[in-house]
1. Out of (1) modelled with pLDDT of 90 or more; (2) touching a Leu at 6+ places or on another chain (Cβ under 9 Å); (3) surrounded by fewer than 21 Cβ atoms within 10 Å (Cβ to Cβ); (4) not polar (S, T, N, Q), the odd one out for Ala22 is which?
2. Out of curiosity, is Thr164 among the polar types (S, T, N, Q), assigned to a helix (DSSP H, G or I), touching a residue at least 40 places away in the same chain (Cβ under 8 Å) and farther than 17 Å from Leu51 by Cβ?
3. Report the residue count in the stretch 162-190 for those that are in contact with a helix residue (DSSP H, G or I) (Cβ under 6 Å, 6 or more places away or on another chain) and over 18 Å from Ser72 (Cα atoms).
4. Could you tell me how many of the residues in the stretch 51-92 are in a strand (DSSP E or B) and without any contact (Cβ under 8 Å) to a residue 40 or more places away in the chain?
5. In this structure, is Tyr174 within 15 Å of Ala23 (Cα to Cα) and at pLDDT 95 or above?
6. Given the structure, is Arg133 modelled with pLDDT of 95 or more and more than 20 Å from the chain's Cα centre (by Cα)?
7. Among the numbered criteria (1) of a type in the set (A, V, I, L, M, F, W, C); (2) closer than 24 Å to Gly10 by Cβ; (3) out of contact with any Pro (no Cβ under 6 Å at 6 or more places or on another chain), which single criterion is violated by Ile167?
8. Hey, can you tell me all the residues within the stretch 56-96 that are among the aromatic types (Phe, Trp, Tyr) and in contact with a Phe, Trp or Tyr (Cβ under 8 Å, 6 or more places away or on another chain)?
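The values are calculated or read from the model by the stated rules, or taken from the named source; none is laboratory data. Predicted model, so just to flag it, every value in this text is computed and none were measured. For neighbour counting, all protein chains shown are included, and Cβ atoms are generated from backbone atoms with ideal geometry for every residue, glycine included.
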Amino acid sequence: MRVLRGQKLGIPKEDLVLLLLAAPVGKPETGGDVHGITRLEKLLYLAQKELEPLKDAAEPFEFRPWKFGPFSQEVYDATDTLYNLDLISISEQDVASYPELSETETIEREVEDGRLDKPILEKVYRLTPRGERVVAALRDKEVPPALWDAICELKRRFGKLSLTRLIHYVYHTYPDSAVHTVLEHLKPDN
């Protein structure tokens, strides 16, 4: 991915997204798909905040507090770039589980009344075969093993949490990220 950024120091933002998608959610052989842009943003935010090996190794995303906590337009830009390069796929699917459906309904209701009669879809971010090859090359040549292990541990720890629990963790651990939230019931002072 360095072709996008020249030879800047640090792992480019797009590469961090690829590495996060490649990291397993559970057992090493399980896929690393990420369901929902809000979840992807929170995972990248936590990676920057909590992974010591990442702090000096990667270009940081610029996050700011927004409606669902930390937000970065750069995450959207990175996923668009990766999609256009055929390194990730972005599909939509119905929210399948009851807990995720309830959480999504709550979020939708807080943001935009009247949309609950429509199907509730979430984007699913997945590496393409080409993206898998790029990640393999990154891991072989550019990503220190300690960084890869840290990314995998973060994904195992937070990747399976419900969206509500993930947001709750972010808000309570980093209260400044919740100052503009529409999810008042998840704020630390509630």
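1. The one condition Ala22 does not meet is (3).
2. So Thr164 passes the test.
3. 6
4. Here the count works out to 6.
5. It is false that Tyr174 is within 15 Å of Ala23 (Cα to Cα) and at pLDDT 95 or above.
6. Answer is yes for this residue.
7. Result: Ile167 passes all but (2).
8. Residues satisfying the conditions are Phe61, Phe63, Phe71.
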